[in-house]
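**Student:** Sharing a structure below in structure tokens format, with a few things to ask.
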């Protein structure tokens, strides 16, 4: 993998797609993303190979969020509990059963059926598959174009015949098929009018019923750059599914096959032919677009240990790949998603960190706003559950014509994420959209809590009200939540060492100790002395605590004997528990422990040492084996551990200040980042480094360049006492208060194009 040597100036030329290329054959299935289309190449069930990728297009699928799964049945529930049409608790991974264009190879009359790649490479823009058969090299480049059509560009070192076969939509949940296929000679394409019935379960706890397939009435188009009019054949399978096959020649000049789906047959046909005629051009455009996003839309990061760079950009690549724009029904807002199964769509819980990640992008209206506003349309139309105490609960997920029947209250955390986006942009109109008709309505009767954030949420709602000219709301929010310091402290004191669990917060009566307790450290009101006690007693404890093969286990070892279940064994380590736990440690300002445990987690969870590539699994089992989705955007919160944790970055456009409170890992010599800051975002560069100083000592230096804001520096002293006064350059600095003795704090009185602090540490 190519590493860049200089961040400044090379931002516009770095080929991130090439840099992120991974050899995945036998390790992971392939994965590609467009806007409303995805591609899964082969399939590995929970990281166990169950089907190899092969020549052609195995599992492309269209997903405009018309259904959560395989069916389009309507809910039978009444009122706001009625989930609409398309909420399906079965067939979340229907695509792994589809058979679109499975290729075989004919060489001198001998058939090589559906060969597995000799080598397969994943990149965020394309997949590369290489096959070696009887001394012949076959190469494929598979990608999804800007028109949501998928294509495979195939070349062969010697002339061969490619045989493709597939069928209309028919999966394990299918009951019947009414699909009809025809050949369009003028376009050299197969057109399939999809139809049929499937077993589906639209309501939680409800019965399985039979209804229309997710693609009912849609048109699938399959095309090729080589004429196959003389070899096309249609048939019906044993279960009535529509089958097709054709053959085409292939050589070093190549053959390209394509797939597209749409409600409009003409549009689907146009897309399939467009990607055939412009295959190389559209692939180049896809590469350029992905590189543009990774270069220009996200903070640029470097450090002295390259594998952590690779993890960082890999996580960002997945975050961007899952970006979707639908623009109809309940899906009015563009947003990111989590994975390729039931998590297609934005999940209320996942959004707690997805929103905050979006706050760090350059184009916030495009990549951030929708992550917050996507549920507003449900609220405006009274599609929610209200509890007897007045709390409004929103669905965990939704689509164009449905919302799930699983409700929860994590929306309180969204308030804090929305405020961060405002802080990073100064966009009052965005804030107005969040508050008026949305947050103001949802929390009118009750402000819930997520990891003890209720006080901060109330404070934030007050700030929003004041900024937007709703002064009358202040008294209302004050009445809902008591914010006097005595009461706030008492709220935490009453839960400390509850039910006899020493050095633990909110320990339950049943003794099931989970990382959720650590999530409360994210509150600025959490007593730091409690945080220190819990970290030392439970985070670092390998015998009874949360340190397993790596950190953190979702459940304390002490509790595992009493609470062992298949689910717990499977979700032994998860991305969300890691983010919320480690984020709390950084917020409580334990930089040494927090940075060490963060690197421990990233290196074990998000990097496969044997394969030498980054990974993003949905979970790990307790025994440390991989589980679940292989390209999971559930890992996006780790991005924040870099920016807000290791660098300790926060900034406010309205307050005109950038704050740096570093936790430079002891094992790193340096790290640097460029972030887009300002209403007209320019790139602010921050470098933090250790260099050899006087004999036996080091110089710790923080340098900030091109920042349009005033800068507040709070360097971590690493448990040492500086041997002399810090050297401050580039601006006039005033001293500032700091909460803890292991930091200094200085604030520049004016903006400066370049400023720095250098501290001599023994």
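**Student:** Could you say whether any residue in the stretch 36-44 is farther than 14 Å from residue 287 by Cα and in a loop (DSSP other than H, G, I, E, B)?
**Tutor:** yes
**Student:** Turning to a different aspect of this structure: What number of residues within the stretch 492-510 satisfy the criterion of being surrounded by fewer than 16 Cβ atoms within 10 Å (Cβ to Cβ) and either at negative phi or in contact with a helix residue (DSSP H, G or I) (Cβ under 6 Å, 6 or more places away or on another chain) (or both)?
**Tutor:** 7
**Student:** Can you say whether residue 639 is surrounded by 21 or more Cβ atoms within 10 Å (Cβ to Cβ), in contact with a helix residue (DSSP H, G or I) (Cβ under 8 Å, 6 or more places away or on another chain), in contact (Cβ under 8 Å) with a residue 12 or more places away in the chain and more than 19 Å from residue 668 (Cα to Cα), as far as the supplied structure shows?
**Tutor:** So residue 639 does not fit the description; no.
**Student:** Can you name the residue in the stretch 645-659 that is surrounded by fewer than 20 Cβ atoms within 10 Å (Cβ to Cβ) and under 25 Å from the mean Cα position of the chain (by Cα) and is also farthest from residue 349 (Cα to Cα) among such residues?
**Tutor:** 652
**Student:** Let me ask another. Pick out the one residue from 178, 193, 220 that is surrounded by fewer than 18 Cβ atoms within 10 Å (Cβ to Cβ), more than 30 Å from residue 78 (Cα to Cα) and in contact with a strand residue (DSSP E or B) (Cβ under 9 Å, 6 or more places away or on another chain).
**Tutor:** 178
**Student:** Here's a follow-up. Going by the structure shown, is residue 691 in a strand (DSSP E or B) and at pLDDT below 90?
**Tutor:** Criteria met by residue 691.
**Student:** Moving to a separate point now. Just the residues that are under 15 Å from residue 293 (Cα atoms) and at pLDDT 95 or above, please, taken from the stretch 1-34.
**Tutor:** Selection gives 15, 16, 17, 18, 19, 20, 33, 34.
This table checks each residue for (1) under 28 Å from the mean Cα position of the chain (by Cα); (2) more than 19 Å from residue 620 (Cβ to Cβ); (3) assigned to a loop (DSSP other than H, G, I, E, B).
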site: 512; (1), (2), (3): no, yes, yes
site: 517; (1), (2), (3): yes, yes, no
site: 535; (1), (2), (3): yes, yes, no
site: 543; (1), (2), (3): no, yes, yes
site: 546; (1), (2), (3): yes, no, yes
site: 562; (1), (2), (3): no, yes, yes
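Matching residues to (1) at pLDDT 95 or above; (2) farther than 23 Å from residue 21 by Cβ; (3) surrounded by 17 or more Cβ atoms within 10 Å (Cβ to Cβ):
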| position | (1), (2), (3) |
| --- | --- |
| 110 | yes, yes, no |
| 122 | yes, no, yes |
| 137 | yes, no, no |
| 155 | yes, no, no |
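**Student:** Taking the stretch 690-732 on its own, how many of its residues are farther than 21 Å from residue 588 by Cβ and touching a residue at least 24 places away in the same chain (Cβ under 8 Å)?
**Tutor:** 29
**Student:** Failed condition for residue 63, given (1) under 26 Å from residue 276 (Cβ atoms); (2) at pLDDT 95 or above; (3) buried (at least 19 other Cβ atoms within 10 Å of the Cβ), with all others met?
**Tutor:** Exception for residue 63: condition (2).
**Student:** Shifting gears a bit: Given the conditions (1) farther than 22 Å from residue 587 by Cβ; (2) without any contact (Cβ under 8 Å) to a residue 12 or more places away in the chain; (3) in the same structural domain as residue 584 (by TED's automatic domain parsing), which single one is not true for residue 479?
**Tutor:** The single condition residue 479 does not satisfy is (3).
**Student:** What do you reckon, is residue 596 in the same structural domain as residue 633 (by TED's automatic domain parsing), closer than 16 Å to residue 546 by Cβ and surrounded by fewer than 24 Cβ atoms within 10 Å (Cβ to Cβ)?
**Tutor:** yes
**Student:** Quick check on the stretch 512-526: of everything there that is in contact (Cβ under 8 Å) with a residue 24 or more places away in the chain and out of contact with any helix residue (DSSP H, G or I) (no Cβ under 6 Å at 6 or more places or on another chain), which residue is surrounded by the most Cβ atoms within 10 Å (Cβ to Cβ)?
**Tutor:** If we take residues in the stretch 512-526 being in contact (Cβ under 8 Å) with a residue 24 or more places away in the chain and out of contact with any helix residue (DSSP H, G or I) (no Cβ under 6 Å at 6 or more places or on another chain), then 520 is surrounded by the most Cβ atoms within 10 Å (Cβ to Cβ).
**Student:** Against the condition farther than 17 Å from residue 467 by Cβ and in contact with a strand residue (DSSP E or B) (Cβ under 6 Å, 6 or more places away or on another chain), how does residue 377 come out, does it pass?
**Tutor:** no
**Student:** Taking interchain pairs and intrachain pairs at least six residues apart, which have beta carbon atoms under 8 angstrom, with the first residue in the stretch 602-617 and within 13 Å of residue 22 (Cβ to Cβ) and the second surrounded by fewer than 17 Cβ atoms within 10 Å (Cβ to Cβ)?
**Tutor:** Qualifying pairs under 8 Å: 611/23; 613/23; 614/608; 615/608.
**Student:** Considering only the stretch 198-207, state which residues are crowded, with 20+ Cβ neighbours inside 10 Å and either in a strand (DSSP E or B) or without any contact (Cβ under 8 Å) to a residue 12 or more places away in the chain (or both).
**Tutor:** 198, 200 - these are the residues of the stretch 198-207 that are crowded, with 20+ Cβ neighbours inside 10 Å and either in a strand (DSSP E or B) or without any contact (Cβ under 8 Å) to a residue 12 or more places away in the chain (or both).
**Student:** Quick one: how many residues across the stretch 393-446 are at pLDDT 95 or above and on the phi > 0 side of the Ramachandran plot?
**Tutor:** Within the stretch 393-446, residues that are at pLDDT 95 or above and on the phi > 0 side of the Ramachandran plot number 1.
**Student:** With assigned by TED's automatic domain parsing to the domain that holds residue 354 and either out of contact with any helix residue (DSSP H, G or I) (no Cβ under 7 Å at 6 or more places or on another chain) or farther than 22 Å from residue 357 by Cβ (or both) as the only criterion, which of 369, 414, 403 stands out?
**Tutor:** 403
**Student:** Also, quick follow-up: Whether any residue in the stretch 389-411 is in a helix (DSSP H, G or I) and touching a residue at least 24 places away in the same chain (Cβ under 8 Å) is what I want to check.
**Tutor:** For the stretch 389-411, residues in a helix (DSSP H, G or I) and touching a residue at least 24 places away in the same chain (Cβ under 8 Å): present.
**Student:** Next question. Restricting the stretch 549-570 to residues that are touching a helix residue (DSSP H, G or I) at 6+ places or on another chain (Cβ under 7 Å) and surrounded by 18 or more Cβ atoms within 10 Å (Cβ to Cβ), which is nearest to residue 500 (Cα to Cα)?
**Tutor:** 556
**Student:** Consider the stretch 13-27. How many of its residues are under 18 Å from the mean Cα position of the chain (by Cα) and part of a loop (DSSP other than H, G, I, E, B)?
**Tutor:** Final tally of qualifying residues: 1.
**Student:** Which residues, taken from the stretch 57-76, are within 23 Å of the chain's Cα centre (by Cα) and over 20 Å from residue 31 (Cα atoms)?
**Tutor:** 66, 67 - these are the residues of the stretch 57-76 that are within 23 Å of the chain's Cα centre (by Cα) and over 20 Å from residue 31 (Cα atoms).
The values are calculated or read from the model by the stated rules, or taken from the named source; none is laboratory data. Just so you know, these numbers come straight off a predicted model, no measurement behind them. In this analysis, Cβ positions are derived from the backbone assuming ideal geometry, glycine residues included, and neighbour counts consider all displayed protein chains.
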